[in-house]
Amino acid sequence: MEKFELAYQLVRAAMETDEWERIWMEYLGVVKAKEKLDAAMERLDAAVPTELVNELWDAFRELDWANECASMLYGIRVAGSVSHAIADPGEFSRYAFERKTEARRG
């Protein structure tokens, strides 16, 4: 697993930047989902034992972490793919043309 350590550290570092925090805290979908979750958890907290509510919060934090990792890995893959396209625009153009031709054929 040592081969993943550097990538793990880079992902962690990227998610600790001010820019990542700004995007995460200001993205309207996240803001609305968090408001909805907070409201539901407040109602739940009044009806069930605090231990269960805390367990759910822990599960949500783990889900957040997994989603952040998946988002970051997707971004890295996109960046790598774009980098390949930029490095060989002629080949990328041929690929795009072939894909468009295939789509027309059905």
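Annotations for the structure displayed:
- Theoretical FRET efficiency, 1/(1+(r/R0)^6), r = Cβ-Cβ of LEU73 and GLU21, R0 22 Å, to 0.05: 0.75
- When the chain is treated as a Gaussian network with alpha carbon springs shorter than 10 Å, the biggest mean-square fluctuation among ARG22, ARG12, ARG94 belongs to ARG94.
- CD proxy at 222 nm, helix term only [per DSSP H run n ≥ 4: -39500 (n - 2.57); per residue of the chain; nearest 500]: -30500 deg cm²/dmol
- Accessible surface for the chain, divided over its residues, is 86 Å² per residue with a 1.4 Å probe.
- Sparse-neighbourhood loop sites, chymotrypsin sites (Phe, Trp or Tyr not before Pro) in the chain - DSSP loop, at most 16 other Cβ within 10 angstrom: TYR27
- As a fraction of the 1.4 Å probe accessible area of the chain, surface on carbon and sulfur atoms comes out at 59 percent.
- Size check on the chain: the Cα extents along the three principal axes, sorted descending, read 61, 40, 27 Å.
- Couplings for the stretch 82-93, taken from phi via the Karplus curve 6.51 cos²θ - 1.76 cosθ + 1.60 with θ = phi - 60°, read 5, 4, 5, 5, 5, 5, 9, x, x, 5, 5, 4 Hz in order; Gly and Pro are left as x.
- Anisotropy class of the stretch 6-65 from Cα gyration tensor, a/c 1.5 cut: oblate
- Accessible area of ILE23 in the full protein assembly, 1.4 Å probe (Å², nearest 10): 80
The values are calculated or read from the model by the stated rules, or taken from the named source; none is laboratory data. This is a predicted model, so every value here is computed, not measured. Every residue, glycine as well, gets a Cβ built from its backbone with ideal geometry; the counts of neighbours run over all protein chains shown. Please note that ligands, DNA and RNA were not included when accessible areas were found on the heavy atoms of the full protein model with its side chains. Shrake-Rupley method; radii C 1.70, N 1.55, O 1.52, S 1.80 Å.
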